[in-house]
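Visitor: Here's a structure for you.
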Amino acid sequence: MKPALNGRDYTAPARLPGGHAQTMWPLLIKGPLPRYRRERWETPDDDFIDLDWIAGTPGAPCVALFHGLEGSSRSHYARRLMHAVAGRGWHGVVVHFRGCSGEPNRLPRAYHSGDSPEIDWVVRRLHARGFPALFLAGVSLGANAMLKWLAEQGGQASGRVNAAAAVSAPLDLAAANTALSSGFNRVYARHFLRTLIPSALEKERRFPGRIDVRRAMASLTLRDFDDAVTAPLHGFLGADDYYARSSAGPLLGAVQLPTLLLHAANDPFLPRAALPPREILPTAITLEIPAHGGHVGFVHGRPPGRIDWLPHRILAHFRAHLSDTVIVR
């Protein structure tokens with residue numbers, strides 16, 4: 001397909017009206033898995049993360065993806081982005097947050113929306129590989145954590161990364177969790193809790209006394225779970241403290257790296273009103289708010305539909321920030 005130039009190019013299919021349909025349909029048309037090569041990195045605190053790689057041609061750029069809540073290299077957006085990366089002969093890598101690669105991590109801690117120190121460690125190691133260009137893509141939870149890192153780094157980020165793209169980022173975590181706690185949106189919360197709660201109980205079995213098991217099992221919303229599990233495991237006083245200290249939205253003014261911020265106006269995970277006004281964002285951020293697309297959806301084309309508009313938009317942004325000396329296809 002023709003590369004997307006900006007968010008105004010996206011048109012949702014008439015057969016998928018509304019943000020919910022546009023969010024859920026991609027789950028049914030994931031497509032095949034790329035041919036990943038897995039690599040394990042030992043972390044400085046004696047834990048590990050797994051990375052799934054797509055090999056590119058020598059001298060080609062690298063695209064690193066930070067996935068969303070309970071996501072992985074198997075998620076529909078990861079598959080499509082890595083296929084698009086491979087089609088250009090670029091290198092690609094899906095960075096799994098701790099415990100998301102199919103094997104429980106070793107420590108009581110897991111991952112969370114504001115874990116910018118983990119992003120920093122990963123980016124430094126990727127930069128040390130010597131790719132002629134390194135690009136970062138973040139989706140949902142991974143997008144928020146990546147944006148928080150970009151803000152904290154300020155001008156120093158450009159010493160390691162060429163450009164970034166954040167898709168469907170929950171920039172205001174409190175607003176996002178309020179949205180996911182009412183109406184039909186509770187379906188999404190229940191979907192996440194079906195894996196989050198068993199994982200928390202397994203951690204409690206291995207590391208007794210870290211969480212309130214009764215409250216964890218009784219969680220009906222993500223806020224309930226964050227208050228009972230995420231916050232105590234990661235040094236926060238509770239859900240409110242976690243959301244306040246981890247939301248990337250208030251920090252965006254410090255971002256200096258060229259960054260695409262793509263968010264559908266009908267994203268059910270974060271209402272349009274919770275997005276920052278365009279006029280307060282730094283010039284480094286390109287804000288695109290298509291009217292439709294859902295949460296990391298952006299389906300297009302004739303039935304059954306395609307989900308390659310999003311990777312094309314991301315890669316078009318990255319290509320615009322390549323030097324003439326880097327090999328591209």
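Derivation of every value follows stated rules applied to the coordinates shown; laboratory data play no part. As the structure is a prediction and not an experimental result, all values here were calculated from the model. Note: ideal-geometry Cβ built from the backbone for every residue, glycine included; neighbour counts use all protein chains shown.
Visitor: Please work out the Kirkwood hydrodynamic radius for the chain, using every pair of different C-alpha atoms, and report it in angstroms with one decimal place.
Guide: 19.9 Å
Visitor: What is the local net charge at Arg190, summed over the other residues whose Cβ is closer than 14 Å to its Cβ (Lys, Arg +1; Asp, Glu -1)?
Guide: Numbers: positive: Arg186, Arg194, Arg223; negative: Glu70, Asp224.
For residues surrounding Arg190, the net value is +1.
Visitor: Report the paramagnetic label zone for Ser323: residues of the range 106-146 whose backbone N is under 17 Å from a point 7 Å from Cα along the Cα-to-Cβ axis.
Guide: Taking a point 7 Å out along Cα→Cβ of Ser323, the residues of the range 106-146 whose backbone N falls under 17 Å are 127-135.
Visitor: Trypsin sites (Lys or Arg not before Pro), restricted to the range 125-187: which are DSSP loop and have at most 11 other Cβ atoms within 10 Å?
Guide: Answer in residue order: Arg129.
Visitor: Please identify the trypsin sites (Lys or Arg not before Pro) of the range 192-288 that satisfy two criteria: DSSP loop assignment and at most 15 other Cβ atoms within 10 Å. Which are they?
Guide: Those that pass, being in a loop and sparsely packed, are Arg210.
Visitor: Turning to a different aspect of this structure: Working out 0.36 nm times the residue gap between Glu103 and Leu237, then minus their Cα-Cα distance, what length gain in nm do you get to one decimal?
Guide: Length difference between fully extended and current span is 45.4 nm.
Visitor: So if each residue of separation counts as 0.36 nm, and I subtract the Cα-Cα distance between Arg38 and Ala273, what length gain in nm does that give?
Guide: 80.6 nm
Visitor: Calculate, for Ala174 and Ala265, the FRET efficiency according to 1/(1 + (r/R0)^6) with r their C-beta to C-beta distance and R0 22 Å; round to the nearest 0.05.
Guide: Using R0 = 22 Å, I get an efficiency of 0.65.
Visitor: Separate question: If we sort 227-239, 285-297 on the protection proxy, mean other Cβ atoms within 10 Å, highest first, what's the order?
Guide: My ranking of the peptides, most packed first, is 285-297, 227-239.
Visitor: Run the quick spin-label model on Ser72 and Arg8: label points 7 Å from Cα toward the beta carbon, then report their separation in nm to one decimal.
Guide: 4.1 nm
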